[in-house]
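Everything on this sheet refers to the single structure shown next.
The values are calculated or read from the model by the stated rules, or taken from the named source; none is laboratory data. Everything quoted here is computed from the prediction, not taken from an experiment. Methodologically, a virtual Cβ is constructed for each residue, glycine included, from the backbone with ideal geometry; neighbour enumeration extends over all protein chains shown. Ligands, DNA and RNA are stripped out before the accessible areas are found, and what is left, the full protein with its side chains, is counted by its heavy atoms. Shrake-Rupley method; radii C 1.70, N 1.55, O 1.52, S 1.80 Å.
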Amino acid sequence: MSRSHPAPSPLASRPGSPLRGRVRVPGDKSISHRAMIFGLLSRGETSIGNLLESEDVVNTAKAVEALGARVTREGEGRWRVIGAGIGGLAQPADVLDFGNAGTGSRLMMGVAGSHPITTTFDGDESLRSRPMRRILDPLVQMGTQVVSEAPGGRVPLTLRGPRETIPITYETPAPSAQIKSAVLLAGLNSPGITTVIERQATRDHTERMLSHFGATLTVEESGAGRRIALQGQPDLRGADVLVPADPSSAAFPLVAALVTPGSEIIIENVMMNPLRTGLITTLLEMGAAIEFLDERDIGGETVADIRASYGPLVGVEVPPERAPSMIDEYPVLAVAAAFATGPTVMRGLEELRVKECDRLAAVADGLAVNGVRTEVIGDDLTVHGCGGPVPGGGLVATHLDHRIAMAFLVMGLAAKEGVTADDATMIATSFPSFAPLMRAIGGELA
Ligand code: S3P
């Protein structure tokens, strides 16, 4: 039996008034997971502000506690972690249940699998279907023992780590920040230098946080990609982390405003890290009315307030090399593309097949049941835009995937007929305030 799951609860959206107002989406999920994990691996106190308090991050916080940190919630988004330190992790008393969270589970495999403890990882039906060999392969090279695993290298699986890891040089087989981060985190408990080479740059939050907490690393960019070399066994010290708003969550009200006639909204404090802004680049190419107000620095990341207004969009071709900087945004980009004039072609989407569900199939099916023509050829998706409101009226199968649910609920706000997501419970994994926030700017969701 798979672990922890609420009963499905459908949610529908329908067209109504224009969207207007100022909103603030929650803290970035990638940074929130990492802030907890670095809190565990440091000595002393880590103080986190604007942490994303979603199911995925709470599961990481529980795992951090089970591995020996003291974790306290001090107020809304304000958390304190007293770390166990590298080499100081405790043997967890129970299975670590990561629910729906790929990032939490995979990064923690690097952490727990690099220490002399025995740890069992599990999660929900979605997590149980996701490939973990991509994490286990480098960890085994570093000395981790895979005590047991579900068929095909999946959770539930149990790892036993060495006293200290063997330093390796590892070229990631896919552009994945999760693989890169798991190897670097395991390299923290190594007496030597762990090197990760990635052919395409992926989100760099782990590298930034390693420096922020006191590790020594070098990052070299060359034609062959990025080479990150980390000196093992640093003395990580607790630090303050202020989490900026998540661009992957901002994407939903942003696209909603672009496709809903008469809308104009401002989304505050959105992280503008260039390895996360591929969606904005693409929307600007499509002719979207997006402006950046008051660009400033928060905790080492550039943030801006984003003004987005309704207007016509045109179809574009999205090159495969842009995928890592917008990997979680394709579902909502496909929704924007459905309202555009002409086809939008998105190339090189193979990694979408191993997300919370096969997102390539789920997006194509969701568009089809709402009257939008699509083609999937290999790993490329073409959406034939309707040049205005899409027909809508469909019931979308969300397959335990929060972003499929939110993307199609955005579609329903501007479709001729509303759209129903068969289950909205998973939205709580990344953006628990999604429905109230969309209602606050005028969206009709019920
Ligand atoms: C994440 C990396 C991405 C992304 C996920 C968050 C991270 O996954 O899809 O939502 O925080 O490192 P991959 O690294 O597998 O592409």
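Yes or no: A428 within 23 Å of D28 (Cβ to Cβ) and open to solvent by less than 30 Å² (accessible area, probe 1.4 Å)?
Taking the combined requirement at face value, the residue satisfies it.
Restricting to the range 175-186, count the residues that are more than 7 Å from the ligand (Cβ to nearest atom), small (G, A, S) and under 16 Å from the mean Cα position of the chain (by Cα).
Here the count works out to 1.
Collect the residues in the range 352-400 that are within 15 Å of the ligand (Cβ to nearest atom), buried (at least 24 other Cβ atoms within 10 Å of the Cβ) and not hydrophobic (A, V, I, L, M, F, W, C), keeping them in residue-number order.
E356, R359
Here's the yes/no breakdown for (1) assigned by TED's automatic domain parsing to the domain that holds L107; (2) modelled with pLDDT under 95; (3) out of contact with any strand residue (DSSP E or B) (no Cβ under 7 Å at 6 or more places or on another chain); (4) surrounded by fewer than 19 Cβ atoms within 10 Å (Cβ to Cβ):
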position: T169; (1), (2), (3), (4): yes, no, no, yes
position: I179; (1), (2), (3), (4): yes, no, yes, no
position: A186; (1), (2), (3), (4): yes, no, yes, no
position: T218; (1), (2), (3), (4): yes, no, no, yes
position: P234; (1), (2), (3), (4): yes, no, yes, yes
position: S248; (1), (2), (3), (4): no, no, yes, no
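Go through the range 145-167 and report how many residues are in contact (Cβ under 8 Å) with a residue 60 or more places away in the chain and open to solvent by less than 10 Å² (accessible area, probe 1.4 Å).
Of the residues in the range 145-167, 1 are in contact (Cβ under 8 Å) with a residue 60 or more places away in the chain and open to solvent by less than 10 Å² (accessible area, probe 1.4 Å).
Yes or no, residue by residue, for (1) touching a Cys at 6+ places or on another chain (Cβ under 8 Å); (2) within 22 Å of R403 (Cα to Cα); (3) open to solvent by 10 Å² or more (accessible area, probe 1.4 Å):
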site	(1), (2), (3)
E291	no, no, yes
D294	no, no, yes
G311	no, no, yes
G315	no, yes, yes
T344	no, yes, no
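So in the range 390-439, with the set limited to residues that are touching a residue at least 24 places away in the same chain (Cβ under 8 Å) and among the basic types (K, R), which one is nearest to D358 (Cα to Cα)?
It comes out as R403.
Quick check on my filter: what residues within the range 105-136 are under 18 Å from E351 (Cα atoms), part of a helix (DSSP H, G or I) and of a type outside the set (A, V, I, L, M, F, W, C)?
S105, R106, R128, S129, R133, R134
Being touching a Lys or Arg at 6+ places or on another chain (Cβ under 9 Å), under 26 Å from P167 (Cα atoms) and of a type in the set (G, A, S) is the filter here, so list the residues in the range 222-251 that pass it.
A224, G225, G238
Restricting attention to the range 89-144, which residues are within 24 Å of A7 (Cβ to Cβ) and either without any contact (Cβ under 8 Å) to a residue 12 or more places away in the chain or among the small types (G, A, S) (or both)?
Within the range 89-144, G99, A101, G102, G104, S105, G123, S126, S129 qualify.
With modelled with pLDDT of 95 or more and assigned by TED's automatic domain parsing to the domain that holds L184 as the only criterion, which of F292, F213 stands out?
Matching residue, one of F292, F213: F213.
Across the range 190-202, which residue is farthest from the ligand (Cβ to nearest atom) among those that are open to solvent by 30 Å² or more (accessible area, probe 1.4 Å) and in contact (Cβ under 8 Å) with a residue 40 or more places away in the chain?
P191
Scan the range 253-270 and give yes if some residue there is open to solvent by 10 Å² or more (accessible area, probe 1.4 Å) and without any contact (Cβ under 8 Å) to a residue 24 or more places away in the chain, otherwise no.
Within the range 253-270, not a single residue is open to solvent by 10 Å² or more (accessible area, probe 1.4 Å) and without any contact (Cβ under 8 Å) to a residue 24 or more places away in the chain.
Got a sec? Which of V58, V64 is in a helix (DSSP H, G or I), without any contact (Cβ under 8 Å) to a residue 24 or more places away in the chain and either within 16 Å of the ligand (Cβ to nearest atom) or not aromatic (F, W, Y) (or both)?
V58
Residues to consider are L11, L107, L52; find the one that is closer than 26 Å to M411 by Cβ and either of a type in the set (G, A, S) or out of contact with any Gly (no Cβ under 9 Å at 6 or more places or on another chain) (or both).
Step by step, each of L11, L107, L52 is checked, and only L11 is closer than 26 Å to M411 by Cβ and either of a type in the set (G, A, S) or out of contact with any Gly (no Cβ under 9 Å at 6 or more places or on another chain) (or both).
How about the range 335-351: which of its residues are part of a helix (DSSP H, G or I), more than 16 Å from the ligand (Cβ to nearest atom) and in contact with a helix residue (DSSP H, G or I) (Cβ under 8 Å, 6 or more places away or on another chain)?
Scanning the range 335-351 gives V335, A336, A338, F339.
Do you know which residues across the range 16-35 are more than 12 Å from the ligand (Cβ to nearest atom), open to solvent by less than 10 Å² (accessible area, probe 1.4 Å) and within 18 Å of the chain's Cα centre (by Cα)?
Passing the criteria: V25, G27.
Taking G387, is it free of Cβ contacts under 8 Å to residues at least 60 places away in the same chain and part of a loop (DSSP other than H, G, I, E, B)?
Here the answer is yes, as G387 does meet what is asked.
Can you pull out the residues in the range 177-214 that are outside any helix (DSSP H, G or I), touching a helix residue (DSSP H, G or I) at 6+ places or on another chain (Cβ under 7 Å) and under 18 Å from A323 (Cα atoms)?
Within the range 177-214, E198, Q200, A201, T202, R203 qualify.
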